[in-house]
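Right, one structure below, let's go through it.
The values are calculated or read from the model by the stated rules, or taken from the named source; none is laboratory data. Quantities reported herein were computed from a predicted structural model and do not represent experimental measurements. Backbone-built Cβ (ideal geometry, glycine too); neighbour counts: all protein chains shown.
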């Protein structure tokens with residue numbers, strides 16, 4: 001541990017859009033992503049919503065991965081790695097809620113594990129399920145691309161004056177999900193306007209606003225302030241190199257995962273494979 005002066009570094013965006021169905025999460029995420037990269041071909045959507053992202057293909061030639069059940073954390077991680085390897089600059093996860101509560105997601109995985117190994121004790125089963133969810137969270141946080149996650153919120157009905165209004169109340173994800181990220185925006189279902197529930201950028205401490213490509217451009221400027229982050233180069237002299245090679249050969253780790261932490265030359269990649 002070394003005491004040193006704090007230095008502002010360039011960062012990748014980690015942003016969550018929370019809203020009930022019909023509020024415009026997908027459209028907002030795509031417009032924001034385009035503002036960040038200005039290139040539809042560098043945007044990928046991990047779509048768990050039955051191909052709903054492709055309904056917006058008129059916006060531009062972005063890429064999609066149609067992720068179907070089971071929605072295990074590992075399958076989300078594989079999709080993230082695939083997008084990074086393909087050179088995507090912005091990855092949209094639409095939605096992250098399925099990783100938690102969808103078919104084959106953490107809640108279902110934990111229930112099955114409890115019945116199979118822990119005599120129905122779901123509390124004990126979380127000792128195995130939690131690390132899998134944490135691996136998904138870490139994959140989002142450590143990705144070498146900007147990541148926008150769309151999260152469903154539970155629908156509640158309230159009385160607003162003389163009319164009934166549907167609002168999103170609580171994210172369908174593990175408690176504390178939004179606090180892992182840089183920015184969390186909530187979109188109103190009726191007005192489609194966004195407000196910040198968490199904002200480390202201090203860009204959105206304003207009145208409610210409509211998300212556009214300009215929102216992405218504003219965020220990009222913030223992300224690019226500071227020093228360039230350089231990854232250490234992985235060489236064959238690294239004391240863990242042989243262990244990494246074995247882990248890759250056994251399918252316990254991928255080169256894409258190593259590229260989250262190291263700069264790897266093509267020659268070294270060939271030795272790892």
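Kindly evaluate residue 81 against the criterion of being outside any loop (DSSP other than H, G, I, E, B), under 21 Å from residue 134 (Cα atoms) and at pLDDT below 95.
yes
Helices (runs of 4 or more DSSP H) wholly in region 197-273 with at least 3 residues that are more than 30 Å from residue 177 (Cβ to Cβ), at pLDDT below 80 and touching a strand residue (DSSP E or B) at 6+ places or on another chain (Cβ under 6 Å) - which ones?
No helices (runs of 4 or more DSSP H) qualify here.
Might you let me know whether region 99-115 holds any residue that is in a loop (DSSP other than H, G, I, E, B), within 17 Å of the chain's Cα centre (by Cα), touching a residue at least 12 places away in the same chain (Cβ under 8 Å) and in the same structural domain as residue 43 (by TED's automatic domain parsing)?
There is at least one residue in region 99-115 that is in a loop (DSSP other than H, G, I, E, B), within 17 Å of the chain's Cα centre (by Cα), touching a residue at least 12 places away in the same chain (Cβ under 8 Å) and in the same structural domain as residue 43 (by TED's automatic domain parsing).
What is the one condition in (1) touching a helix residue (DSSP H, G or I) at 6+ places or on another chain (Cβ under 8 Å); (2) farther than 26 Å from residue 212 by Cβ; (3) in contact (Cβ under 8 Å) with a residue 40 or more places away in the chain that residue 71 does not satisfy?
(3)
Out of all the residues in region 66-98, which are more than 15 Å from the chain's Cα centre (by Cα) and closer than 25 Å to residue 263 by Cβ?
Matches in region 66-98: 85, 86, 87.
Of these, 9, 14, which one is modelled with pLDDT of 95 or more and either touching a helix residue (DSSP H, G or I) at 6+ places or on another chain (Cβ under 9 Å) or within 22 Å of residue 183 (Cβ to Cβ) (or both)?
Result of the check over 9, 14: 14.
Please work out which residue is surrounded by the most Cβ atoms within 10 Å (Cβ to Cβ), limiting yourself to region 36-54 and to residues that are in a loop (DSSP other than H, G, I, E, B) and at pLDDT 95 or above.
48
Rundown of residues vs (1) over 30 Å from residue 190 (Cα atoms); (2) surrounded by fewer than 16 Cβ atoms within 10 Å (Cβ to Cβ); (3) touching a residue at least 40 places away in the same chain (Cβ under 8 Å), yes/no style:
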site	(1), (2), (3)
208	no, yes, no
219	no, no, yes
239	yes, yes, no
243	yes, yes, no
263	yes, yes, no
267	yes, yes, no
